[in-house]
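Novice: Questions regarding the structure given below will be posed in turn.
The values are calculated or read from the model by the stated rules, or taken from the named source; none is laboratory data. Please read these numbers as outputs of a predicted model, since none were measured by experiment. Reconstructed Cβ throughout: ideal geometry from the backbone, glycine too, with neighbour counts over all protein chains shown. Heads up: the accessible areas ignore ligands, DNA and RNA and are worked out on the full protein's heavy atoms, side chains in. Shrake-Rupley method; radii C 1.70, N 1.55, O 1.52, S 1.80 Å.
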Amino acid sequence: MSFTDVLAIVGGFTVVFHLLKLAWRCWCGFRQFVLSELWHVDLRKYGQWAVVTGASSGIGKAYAIELAQRGLDVVLVSRSDDKLQMIAKEIEDQYGRKTRTIQVDFTDGQSIYVAIAEELQGLEIGILVNNVGMTYSDHFAYFLEIPDAEQKIPQIINCNMLSVPQMTRLILPGMVERGTGLIINISSAVGIRPQPLLSLYSATKIFVTYFSQCLHAEYQSKGIIVQCVAPSMVSTNMTKNIPVNCFVKSASGFAREALNTVGHSSYTSGCLSHALQNIALTILLPDWIRMSPFFIRKLRNLAKASKYDIRECKKTEKLGEKEE
């Protein structure tokens, strides 16, 4: 056999391998985002109650309402008691489900979890949604530009990172005892790969991703599913309620599609639109471009321009109000 024949065989196996890999990814995507619309897991099988953190608005509120719509009683956990009471009343009136509210501020750190544990005693909790999260800026910024950094850094770590293992520690033992349970941890597309100018936020979200994947591997054999959800842009208060379009999902639409993927994938973008965006960005913006000084400068200039436009819009609005 000649050297050319060997190269041809190796090349053939390489092509077949990549075609099989592509076919597998296509099947997984089809199952996750198409078949899941037809075949839903009955979420009530995990237990009577679902616990949702950061439930007063955005994705957390949408998850809570969607879970109630699918037949679960819901514990709403967040810092705004007024908003929690309004959402609890909405769930009880529209869907006839029981609710409980727990008012805590996750930026306070370790001290809050004793009170949460007391409130959750005696409940058959089948689903935990670790959604609560915060960012430190409404635009791309260097690490040293974090406002009130001494206070803000521990707040972000407490809220985005500490909350996930601590809430898991409280609820997972009951799931293991019953041999069933579902934990959904909300990460982010900026946690898939490092994102300069969102350094701290990006780092907290990759923690959520890795923790979820490791936990799923550890407890899958005990009947526990740990799903990591890494969305792109969703119209919420955190994203300044950006208009919904083919790239940006509404919170309610995202929660519905993301819950459909339960049982089909332990790691998901949540919806087909976001999955396709992540693939495109991976191809168009490989890490060597994303991490380059040139790209960072361009991103920073874009952020400055956007911030200037926002300020000008606000000035125009104020002038209009004065004229009226």
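Novice: If you rank D82, D42 by how much accessible surface each has, with a 1.4 Å probe, what is the order from largest down?
Specialist: Of D82, D42, the descending order of accessible area is D82, D42.
Novice: Hey, can you find the accessible area per residue of region 228-268 for me, probe 1.4 Å, expressed in square angstrom?
Specialist: Values: 1670 Å² over 41 residues.
Per residue, region 228-268 has 41 Å² of solvent-accessible surface.
Novice: Any chance you could check the Cα centroid distance between region 283-303 and region 225-246 for me, in angstrom?
Specialist: Each part reduced to its Cα centre gives a spacing of 22 Å.
Novice: Please report the carbon-and-sulfur percent of the accessible area for region 184-240; probe 1.4 Å, protein heavy atoms only, DNA, RNA and ligands left out. Can you show the working numbers first?
Specialist: Details: 1330 of 2220 Å².
Accessible surface attributable to carbon and sulfur in region 184-240 totals 60 percent.
Novice: A follow-up question, please. Got a sec? Charge dipole of the chain, +1 on Cβ for Lys and Arg, -1 for Asp and Glu; which of G96, G133, S188 is way out at the positive end?
Specialist: Projecting each Cα onto the dipole axis, the largest value belongs to S188.
Novice: Evaluate the charge dipole of the chain about its Cα centre and quote only its size in Debye, nearest 20, assuming +1 on the Cβ of each Lys and Arg and -1 on the Cβ of each Asp and Glu.
Specialist: The dipole of the chain has a size of about 720 debye.
Novice: Per DSSP H run of at least 4 residues, take -39500 (n - 2.57); add these up for the chain, divide by its residues and hand me the 222 nm value, nearest 500 deg cm²/dmol.
Specialist: The per-residue figure over the chain is -17000 deg cm²/dmol.
Novice: Given axes a ≥ b ≥ c from the Cα gyration tensor, I'd like to know whether region 1-100 is rounded (a/c under 1.5), prolate (a/b larger than b/c) or oblate.
Specialist: prolate
Novice: Still on this structure: Given the peptides 9-16, 277-284, 207-214, arrange them by the average over their residues of other C-beta atoms within 10 Å, most packed first. Can you show the working numbers first?
Specialist: On the way: 9-16: 10.1, 277-284: 12.8, 207-214: 18.0.
Put in order of decreasing packing, that is 207-214, 277-284, 9-16.
Novice: Please report, ordered by residue number, every helix of the chain (full DSSP H runs) that is 24 Å or longer along its axis going by C-alpha atoms and whose mean Kyte-Doolittle hydropathy reaches 1.0. Could the numbers behind the result be given before it?
Specialist: Values: long enough: 3-30 (40 Å, 1.31); 199-219 (30 Å, 0.30); 293-323 (45 Å, -1.11).
Helices meeting the criterion: 3-30.
Novice: Rg(Cα) of the chain divided by 2.2 N^0.38 Å? Write down the numbers at each step before the final one.
Specialist: Details: Rg = 22.0 Å, N = 324, 2.2 N^0.38 = 19.8 Å.
Relative to the rule-of-thumb radius for its length, the chain sits at 1.11.
Novice: If you average the C-alpha positions of region 62-94 and of region 10-60 separately, how far apart do those two centres end up, in angstrom?
Specialist: After rounding, the separation between the Cα centres reads 26 Å.
Novice: For the pairs K21/K240; K83/K205; K61/K298; K152/K298; K98/K205, note any where the Cα-Cα span goes beyond 28 Å. Before the final figure, lay out each step's value.
Specialist: Working: K21/K240 39 Å; K83/K205 26 Å; K61/K298 35 Å; K152/K298 26 Å; K98/K205 31 Å.
Over 28 Å apart, Cα to Cα: K21/K240; K61/K298; K98/K205.
Novice: Restricting to DSSP loop positions (anything but H, G, I, E, B) with no more than 15 other Cβ atoms inside 10 Å of their own Cβ, which GluC sites (Glu not before Pro) remain in region 105-178?
Specialist: Numbers: sites: E118, E119, E124, E145, E150, E177; in loops: E124.
When the GluC sites (Glu not before Pro) of region 105-178 are filtered for loop state and at most 15 Cβ neighbours within 10 Å, E124 remain.
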